[in-house]
Structure formats: structure tokens, C-alpha cells
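Contents: one structure, followed by commentary.
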Amino acid sequence: MIEVLGRRPALTLSVCVALFLLISVLPVNDYVLHILTLSLIFAMFASGWNLTLGILGLKTLGHHAFFAIGAYLSAIVAFYGGVSPWLTIWAGAALAALAGLLIGLPILRIRSMPHVAIVTLAFAEIVRLIFSNLKDITRGELGFWGIPPFDPVSFGETTIRFGLGNAWGSYVLAGAFFFAVQAGLLLLLRSRPGMTFAAIRDSEAAAESLGINLSTWKLAAFALSAGIVGLSGAIYAHYVMILTPTSVAGPEMLITLLAIIIVGGAGRFFGPLYGALLLTGSLELLREFGEYRMLLYGALVIGFVFAAPHGIAGLRIGRLRRRDRRGTRERSSAA
Amino acid sequence: MTASLFLEMVINGLISGSIYALVGSGIALVYGTTRVLNFAHGELLMIAGYLVLFFAVTLGWNVILASVVTLALVGGIGAAIQRVTIAPLLAREDWAFRVIAATIGLSILLQSGAQIVWGEQFRTLPYFFDGVVSLGGLRMPVQRLSILVIALALMGLCALVLYRTGLGRIVRATAQDAEAALAVGIPAGLVHTSVFAISAVLAGAGAILLSPILTVNPWMGVSFLLKGFAVVILGGLGSFGGAVAAGFLLGLIEAASVTVLPTEWRDVVAFTFLIAVIWVRPNGLFAGREA
Amino acid sequence: MLRLEGIDVHYGATQVLWSVDMHVAQGEIVAIMGPNGSGKSTVLKAAMGLKAPSGGRVRLDGREMQSAPATERPRHGMAIVLERRRLFPRMSVHENIVLGAYARPARETRGSLDWVLGLLPDLRDHLDATAGKLSGGQQQMVAIARGLMARPRVLLMDEPFLGLSPAMVRTVSAIMRTINDEGVAILFNEQNAKLSFALSHRGYLLESGRVILSGSGQEMLDHPEVKRVYLGVREEAVR
Ligand SMILES: Nc1ncnc2c1ncn2[C@@H]1O[C@H](COP(=O)(O)OP(=O)(O)O)[C@@H](O)[C@H]1O
Ligand SMILES: [Mg+2]
């Protein structure tokens, strides 16, 4: 697990939270907060995906489907039903998890990576087309606009508002969700389930011989992963307040997230956060070169696959390992 | 449904099916021989589309010459992709996923590169063939029918290469047992590069056949890649003949679907069919018949 | 003729061969005996270049083979019959055999085929059969034929008797002697001590990736260690 979590993951997480809080009290301009908000949402998406892709070792490529399901369902229920987004996001996450179960079932029977990759990709295409075709409800590619933001929260005199245009509130909200999910995942991975995931990734046959029920575990991991991604999609929907099927479930979303995961470090717990901050941040700086954005994402993915396959998080681990080989070994054998 | 409507549905299905078969059989050949999934395969169609436009429209060459030069160039590009981005990864751990990630990156790179170079203009080639064929009350432009005929001829040629030539023999040997092939002295690198070139030519041929009836644009490869993958899985991963058969089957299913559902649901039907098949027959519809 | 010097092999981080020294002289049959997982196949793959050693050298007639990839070695006079035959299952017997000559000049193929079919005349009746559909014994013949088509001076054979009936084991042993009489040296491996050393001029005992004993076939059979552990255990296990 040390390979996944790095050393002292709780400390790393605390430092990240402290930095997050520090930024929230500093006079940071709204544009920077906007970028950080998007990074946190995408980091959450990537963490959810990372659960199957890196940690469980199932090479799924269709998690943007769950993002879209979470986003659209939450938006639809909030928009048409007048229900508060504080509630509808959970419905979005739940439906995404359910969809994860649905697509997880056929995948479980197949161990072959190409099958898993292609079937999940095809599923994402189905989802994109469904939202695009249900024009009466979603307005298709014209865009589903008017999605309500999260209801404001009041503490005595101060009222925190959310949604695009309310940068500070949105930033704090995205951070709160992201770190809550990270803390939950950290607890999970350090407990028995974490060991089980590691065992399954290392050798399915060996895990099975230890009496681990592969189907149940993989299905549970899949549903959890889809649920987290769905939640991030729902939060995204009520932040940007407009959705199009192509923007949430199109190939650009796939490559953006793949780049985040590969650059950050597939299978590394903190990889998604590093990747999301680096990519969303640095590429916003290159905003004027808008048309080169995807070119750069493509080049980054190729570059990292060749030069640093474990991403930024992997680079850090590599350095620590060399410096303290003995300590690492003791820890991992104790784990 | 009248007989002529039914006939039209079948012919339309076979025509789009022949393109799926061209794309899918190339992917299947590559996968069967090298165990590599090339996510940049669709961009080979796109590149071929732009090349043939350039030669035939911009330079005004004769269509046949333009097509032959395009196919040669696309074959070379396919071989170069294998040499530069895929071969160096094969020796590393976890190479299967790395190849997927790297080729997805390459695919996006090529798409946005094309967008920057050629812009977002959507362009079409003039028809290669004039005239209309009448078939029992049904009128089909020769151009559309030629897609089916030429695609079949090309796949036949490809099968001939696979089963009747020395190159085909070493490709099949590598597909059947890569280590044993190495042990008798068959150079894996040559085989891998050759199958990439062949699969690129098949994809390029698909693009040329489509270019008069579809617009050439930077993203034209995306949907064909997904269909190609679907066909490869339906046909039994890595089976050339299975992919050809599954390509036609998928074309027919789509053609049938548009007679009962609005066109925008066609791909939903196709991919749902894929997932349903995987659910009941993980090894595809024609399992057990490989190269 | 073939010489392995201090061969180390790793699979990932695990070392499976430790400084293995072996040699095969002109005209010899040499056996590598050892229990399952001791590294016998790995020795042969390292010799053939199918698995790159992490240390040591492979020499053929004094010539370093390190820089020669597996696909070059048949040209230098080496061939391998892999464990479990490893034919191209959906090709005909004829295609399988002819592919064995891939590394040789095409003009030799005809003559090599005549030579091989002369040594293995039973194959003549099955040339058009699909290789994967043959019985284990017939497949082994095809595998040997395929190896011989490279006109090797040394033939490596990985567990040639695996899964064969006792009658077939005798046939294959006889074929190995015939091949050897034709001047082809053989390095083969086998788990059964009696079979290994009765057939070979010399032998090695491999355990956990190390050569722990070597000597002539008879010396090996008579060695108390081999007797106690392998012959003893084997015979009990067989009954
Ligand atoms: N491809 C491989 N990857 C990892 N380990 C391997 C591989 N092939 C063999 N091994 C290991 O190397 C050791 C020697 O294997 P091998 O040479 O096949 O033994 P033998 O032929 O004597 O049964 C065994 O422990 C085996 O598990
Ligand atoms: Mg062995």
C-alpha cells in the first residue's frame, strides 16, 4: 500500500487541507479561486476513477459517463423538481453508482483489458448520446442552462453563496467535498478493504485463492468509484450551471481526465490532486492559446507515459525510496 | 415494409458495414498479432481523408493516382506510429495500458493538430463515379455501391496476403505463438510494423471511399474508431474474419434500427448491442476462428 | 561448442538463475535434470536468446552471442524445441515445418525438408493436417522437425517427453539418438533422473537455479545424492 499512498498519507493530506484553508483566508482573486475550484472538482473525479484504474487495476475508460449521469440527474431533479441541490447531488451520485453496478456486471466476467476498455468506452458513448437525444428534457447540445446553484448557507450575519460568480463560496464547497472524499478513501484504503484491493491488483488468482470474492469486491469498487465520480459531476453541474452532453461526456473530458491521472500518477492516492492542480492551473495560464490546449494534453500524456509513467506522485516516491530504502521495506512488510 | 425498402435497408447496411469491416479488420489484425490496441487508428482515416482531398482537389490529380499515393503514405504513417510510439513501450512493465494511454494521447494530438493545420472546415470530395443503378425499383448511386465492392475486394486482397504469401505466413505464425515465432527466427519487429501498415491502409481505404459522401474533418476518426473496436470485440478479439463478419452485421443492425427509430438513436442501438453480446458471449459471436 | 558462462537471469526483481556454467561439445547429448521450477527452461531460453540474461555469456564456437537476438541464433546453428511443443496450432504440419527454416536461405528448404522427413518418415502422412489437431506424440515430432529445419549444430529441447506415453517416450528417445548420430549435439532437460541420464553422455543437476552437480550420465545415475533424492523419491512417487 505504501506504493499507492506514499509515506505518511495522513500528514500529506493534512498539509493539503492546511494549504487549502490558508488560501481561503488570503485575499486571492476570484479567477484563481475559480481555477482552484475546477481543479478540486476534477481531482475528485480523478480520485474516483483512480480507484478502478490504478488502485484496483481495472483499466476502465468510460468514467466520464458517470460524471455525466451525476451532473445531469442532479441538474434535472433540481431544475424540474425544484429540489435543493444539497439533496439532488446525492441522487446523482446514487444513480451513477447504480450505473457502475450495471456496467460492472459484464466487465467482471471478462479479465481481458481490451474488453474492459472498449466496453466502458462504448457505455460512455451510449450515455452521451442519451443525454444528447433527450432534447425535451436536456435541450441536447444546445445546452441545459438555468441549473440552480447550491442554496446559500447562513452563519449569523454572514451568508455564503455558491455557483459561478461566487468564487469564494464555491471554492470552499468544492474543497470541503474533495477533502471529505479523500479522507474517506484514505480510511478505506488503510483498512481491510484497502489490503483487499491491493491483493486483487497484484494477482487476481492469488486473491481468489485467499478466499476473496472477486466479483463482489470488484463490483463494490466499481460502484464506489462511479458514485464518487457521479458526485463530482453533480457538484460540477451546480457550479457551472450549464451542461452539454459533449462537454461532460465527450472525448475531451476523457483526455482531460486521463491526462490528469497520468500526469499526477495512476494508482497513486495523491496523483489526481497533483495532476488536476498542475493541468487545470498551468493550462489556464495558456488560455490565449486555446486551440493548442488539447494538443498540449495529448503531448503531455505521451510524454509522461514514456518518461514518467508513475506521474508526479511517482517521482516523489522514487526519490524517497532511494533515500530510505530500508525504512520503506520495513513499513511495507509490516503493512 | 415493401420489398424495395427492405432491399434498400440491406444494401445500406452492407455499405456502412463494409466500412466498419475495413476499420475493424485492421484493428483485429493488429491486436491479433501484437496484442496492441491502437486508439489512434481512427486518426489514420482522418489523415487519409485530408491527404486524398489534398491530392485530388487541391492538386487536381486523377482520383486513382491520388488514392494510391494516399494509401502508400498512410501505410507509412501507420508503420511510423508503431515504430515511434508503440514499439518502445512493449518492453516495459504494464505496457498494455501504457500503449492505450499513449495512443489516446496521440489520437488527441493528431486531431488538434489537424484542426490547427486545416481548420474546422468540413470538406467533401466530388463523386468518383457517376450514374445510378436500378435494382427492382430501387435506385442506388454507383458511388455508394462502389464502396461495398471496393471494400470487399480490398479485404479479399488482404486475406490473400495473409493466407498465400510469405509475409502472411510469418504474420499468422506470430499471431498464433509469438515466442515460437521468435524461436524460429521470425523478426517480431518486422511483423508488427507490417501489420500496422496493412491496418493503416485498410483504414485509409475506408476514408477514401467515404470522402465523397461524408465530410472530412479532424474528428471523423472518432466514431469509426469506436465502431471498429465494437466490431473487433463482436468478432472475437483478434480474429480477422470475425471482424469482417461482425462489421457487416453491425452495419445491418444499424440500418435496421433507423427504419424503426430516429437516426440519432442508431449508435445507441449499436453500442447497446455490443454490451448485450459481451454480457452473454464474452468471447464474441464467432469465437474460435482466429488468424 | 555451446558454452554458458556464469549465466544470471532475473524475472523482474527475482533472480532465478545463479551463475550457471554449462557446455555442450560437438556430437554430445547433454541433459539438464532438476525439479519443477528449478530453472531448466530458463537455461535453454537464455541460451537461445529468448530471455536476456542479466549476467554471464553465451558462446557458440567461442563466439559471443550476447549481441545476437533470438532471431539471429538459428543462423548461427542453434534451434530450440520449446516446452509443450508450441506449434502454430492453426497451420498445417507442412507450414509449421517449413517455418523452421525461416532463418536459412530459401534454396536450402527443399533439401532440409527431405533430410528431416527422412529422419521422421511418419510425418509424410500428416503434412496437410492442422498441427493443433494432432496427438501429443505427433506434435512432438512436428516440433522436432521444425527445429531440425534450421539445420542446427546444437538442438535445445525443453522437456521433450512431457505428457507422452511410455511407448512414445521410447520413440522420441530413439529419434534423439538418430539426430545425434547425424552430428547434431543436443541439450535437453527433463525431470526424471533415469530418463535424463540414460539417454545422455553427460548431465547437470539444477536446483533452485544453481548447478549443484555435473558428470557423465553414468556418474550422475550412480551419485548418492541423485540416488537418494531423485531416484528414490521418483520411484515412490511413480508407484
Ligand atoms: N515469465 C516468467 N515470469 C516470472 N517468473 C518466471 C517466468 N518464467 C519462469 N519463472 C520462474 O522462474 C523459475 C524457473 O522457471 P523455469 O525455468 O520454467 O523452471 P523449470 O523449467 O525448471 O520448471 C520458476 O520459479 C518460475 O516461477
Ligand atoms: Mg520448464
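Protection proxy ranking for B:145-157, C:187-199, using the average of other Cβ atoms within 10 Å per residue and placing the highest first: C:187-199, B:145-157. In the context of the full set of protein chains, chain C has a per residue accessible area of 43 Å² (1.4 Å probe). 3J(HN,Hα) couplings calculated from phi for the stretch A:99-105 with the Karplus curve 6.51 cos²θ - 1.76 cosθ + 1.60 (θ = phi - 60°) are, in sequence order, 4, x, 4, 4, 7, x, 4 Hz; Gly and Pro show x. Taking label positions 7 Å along the Cα-Cβ direction at both residue A:291 and residue B:11, the computed distance is 4.1 nm, reported to one decimal.
Ranking request for peptides B:112-118, C:96-102: highest mean number of other beta-carbon atoms within 10 Å first, then the rest in descending order.
On the way: B:112-118: 17.0, C:96-102: 25.7.
The densest-packed peptide leads the list: C:96-102, B:112-118.
Only Cα pairs under 8 Å and 6+ residues apart enter the sum, and on that basis the relative contact order of the stretch B:17-107 stands at 38 percent. Annotation: chain B has a Kirkwood hydrodynamic radius of 19.4 angstrom, from the mean reciprocal C-alpha pair distance.
Using θ = phi - 60° in the Karplus curve 6.51 cos²θ - 1.76 cosθ + 1.60, the 3J(HN,Hα) couplings for the stretch C:95-102 round to 4, 4, 5, 5, 4, x, 8, 3 Hz; x is entered for Gly and Pro.
Protection proxy ranking, highest mean first, for peptides B:79-88, A:125-134, A:199-208: A:125-134, B:79-88, A:199-208, where packing is the per-residue count of other beta-carbon atoms within 10 Å, averaged. In this Cβ point-charge picture (+1 for Lys and Arg, -1 for Asp and Glu), the stretch C:97-239 has a dipole of about 200 debye about its Cα centre. Taken as Cα centroids, the stretch A:163-205 and the stretch B:222-239 sit 34 Å apart, rounded to the nearest whole angstrom. Heavy atoms of chains B and C lose about 1800 Å² of accessible surface on contact, summed over both sides with a 1.4 Å probe. Atom-type composition of the exposed protein surface of chain B places 68 percent of the accessible area on carbon and sulfur (1.4 angstrom probe).
Taking 0.36 nm per residue of separation and subtracting the Cα-Cα distance, full extension of the segment from residue A:98 to residue A:111 would add 2.5 nm. Of the DSSP H helices in chain C, those with a Cα length along their own long axis of 20 Å or more and a mean Kyte-Doolittle hydropathy reaching -0.5 comprise C:166-181.
Roughly how big is the protein assembly as shown's charge dipole about its Cα centre, with Cβ charges of +1 (Lys, Arg) and -1 (Asp, Glu), in debye to the nearest 20?
Working: 69 positive and 53 negative charges, 280 e Å.
For this selection, approximately 1340 debye.
Heavy-atom accessible surface of the stretch A:2-334, averaged per residue, reaches 41 Å², computed with a 1.4 Å probe. Across peptide B:225-235, the mean count of Cβ atoms from other chains lying within 10 Å of each residue's own Cβ comes to 3. Neighbouring Cβ atoms from other chains, within 10 Å of the Cβ of residues in A:125-135, number 4 on average.
Per-residue Cβ counts within 10 Å, from other chains only, averaged over A:106-112: what number is that?
On the way: counts 8, 4, 0, 4, 6, 1, 5.
Partner-chain Cβ atoms within 10 Å, mean over residues of A:106-112: 4.
Between the alpha-carbon centres of the stretch A:75-147 and the stretch C:77-141 there is a gap of 55 Å.
Bridging of residue B:227 to lysines at a Cα separation below 20 Å is possible for A:59, once same-chain residues fewer than 8 apart are set aside. Compared with the dominant Cα axis of chain B, that is its longest principal axis, helix B:142-164 is turned about 20°.
Given a 1.4 Å probe, how much area per residue of the stretch B:3-221 is accessible, in Å²? Intermediate results must be reported in sequence, preceding the final value.
Values: 7850 Å² over 219 residues.
Here the residues of the stretch B:3-221 average 36 Å² of exposed surface.
Evaluated at q = 0.06 Å⁻¹, the base-10 log of the normalised Debye intensity for the protein assembly as shown, with identical point scatterers placed on the Cα atoms, takes the values -0.49.
Given +1 at the Cβ of Lys and Arg, -1 at the Cβ of Asp and Glu and no other charges, the dipole of chain A around its Cα centre is 1360 debye to the nearest 20.
Looking at the square roots a ≥ b ≥ c of the eigenvalues of the Cα gyration tensor of chain C, which shape do they give, rounded for a/c under 1.5, prolate if a/b is larger than b/c, or oblate? Walk me through the numbers on the way to the answer.
Working: a/c = 1.74, a/b = 1.26, b/c = 1.39.
Taking the square roots of the gyration eigenvalues as a ≥ b ≥ c, chain C is oblate.
What FRET efficiency comes out for the pair residue B:80/residue B:122, r = Cβ-Cβ distance, R0 = 35 Å, nearest 0.05? My answer for the efficiency is 0.80. Rounded to whole numbers, the Karplus 3J(HN,Hα) couplings from phi for the stretch A:141-146 are 6, 5, x, 8, 10, x Hz, using 6.51 cos²θ - 1.76 cosθ + 1.60 with θ = phi - 60°, and x at Gly and Pro. Each of C:106, C:215, C:166 was placed along the dipole of the stretch C:85-239 (beta-carbon charges, centred on the mean Cα), and the one lying farthest toward the positive end is C:106. Taking amide hydrogens as placed 1.01 Å from N in the peptide plane, the amide H of residue C:186 sits under 5 Å from those of C:28, C:29, C:30, C:155, each at least 5 positions away in sequence or on another chain. Were the residues from residue A:155 through residue A:192 laid out at 0.36 nm apart, the gain over their Cα-Cα distance would be 9.4 nm.
In straight-distance terms, cross-link reach from residue C:51 covers every one of the lysines whose alpha-carbon lies under 18 Å from its own, apart from those fewer than eight places away in the same chain; here that gives C:40. Placing a label point 7 Å from the Cα of residue A:24 along the Cα-to-Cβ direction, the residues of the stretch A:127-158 whose backbone N falls under 14 Å from that point are A:153-155.
Label separation (residue B:164 vs residue C:92): 1.5 nm, computed from points 7 Å beyond Cα along the C-beta direction.
Probe radius 1.4 Å, ligands and nucleic acids left out: which of C:83, B:264 has the largest accessible area, and how do the rest follow? Walk me through the numbers before you get to the answer.
Details: C:83 55, B:264 80 Å².
My answer, sorted largest first, is B:264, C:83.
The values are calculated or read from the model by the stated rules, or taken from the named source; none is laboratory data. Here the structure is a predicted model, which is why all the values come from computation and not from measurement. Cβ coordinates were reconstructed from backbone atoms using ideal geometry, including for glycine residues, and neighbour counts include every protein chain displayed. Note: areas computed on protein heavy atoms with side chains; ligands, DNA, RNA excluded. Shrake-Rupley method; radii C 1.70, N 1.55, O 1.52, S 1.80 Å.
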